[in-house]
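Nothing in this text is a laboratory measurement; each read-out follows from the coordinates by a stated rule. Everything numeric in this text was worked out from a predicted model, so none of it was measured. Cβ atoms come from the backbone with ideal geometry, glycine included; neighbour counts cover every protein chain shown.
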Amino acid sequence: MRILSWFLRFFSWFPLPVVHAMAWPFGQLLRLSRRHREVSRKNLALCYPQLSESERNKLVVRSLKEFAKSVLEAGPNWYWPLSKVSTKIVKVHGQEILEQALARGKGVVLAAPHFGAWEWGGICLSELIVNKDIIYLYKPSANTAVDDYINSKRQRPGGRIVPANSRGLMALLRGLKQANVVVVLPDQQPKKGDGEFAPFFGIPALTQTLIPSLAQRTGCEVVFTCGRRLPRGKGYEVHFLSAPEAIYSDSQDEALAALNQGVESCIAIDPGQYLWAYKRFGLRPNGEPRFY
């Protein structure tokens, strides 16, 4: 725990361009990892079959480098003064989409996939969302000390973090019924039996039902959001995207397909910044061979 703290604090001593430059060798190490490299290649072959092998390999290299950046830049994000962190958000796209959703007064689910600079979104949300609570759902790890450390840093801009269990889900429902904002990962693969298969880039992927369920139960709005990392440490831009209308459908199949379509729209902003090393297709429908 202390090693992790000092590791990230070390990177907070440098300006952002230097931190991102130092991510290059860490990205190379990830590339040497057979697991990260091959999972990324398989996912990209499934999702972008129209690309050549050379084009997909370039995306593998870039995605792993961006993943390394997301780890190292947590140092500045967690240890710089919040006023300094805020200056690195240089542009917000689709702010009116968020404002319109908030104005409806039904609560908002922000669907934030494994894309780009997810650690930097909190400071932007704290500035754009006032007079409302922001509740973040997270999946607890086996190490409570690490969880406590990470969560304390993530809550610096404001907001509250709740675990993905029955207590946390009740907190989400209460928050939405009080017209607050909750932030959920839409592309986290659920455990077997906890989700349904829906197309993701045309490939069946076990998909969590939480977001459509919250929309059905509370009448809340769903907005997709992601943070794109700009090149050469120039900062970040935050995007808000309208959810496909079918996400509110009574048909679970339609709602889950729309959920994955929303994730695809975020990825399309910059495919190289998606976490392709994540085993998104780890569980398969009965009878289908495993991909990994």
* To do: Arrange the peptides 123-136, 212-225 so that the one whose residues have, on average, the most other Cβ atoms within 10 Å appears first.
  => 212-225, 123-136
* Structure fact -> For the pair Ser86 and Leu46, the simple spin-label estimate (label points 7 Å beyond Cα toward Cβ) gives in nm 4.2
* Asked: Sorted from largest down, what three extents in whole angstroms do the Cα atoms of segment 137-292 have along their principal axes?
  -> 45, 42, 34
* Structure fact -> Rounded to one decimal in Å, the inverse mean reciprocal Cα-Cα distance for segment 2-273, i.e. its Kirkwood radius, is 19.4
* Asked: Relative contact order of the chain: what whole-number percent is it, with Cα pairs under 8 angstrom and at least 6 residues apart?
  -> 26
* Structure fact -> The extension gain from Arg104 to Leu29, computed as 0.36 nm times the residue separation minus the Cα-Cα distance, is 22.3 nm
* Structure fact -> Which of Lys84/Lys177; Lys88/Lys139; Lys139/Lys234; Lys192/Lys279 exceed 23 Å between C-alpha atoms? The answer is Lys84/Lys177; Lys88/Lys139; Lys139/Lys234
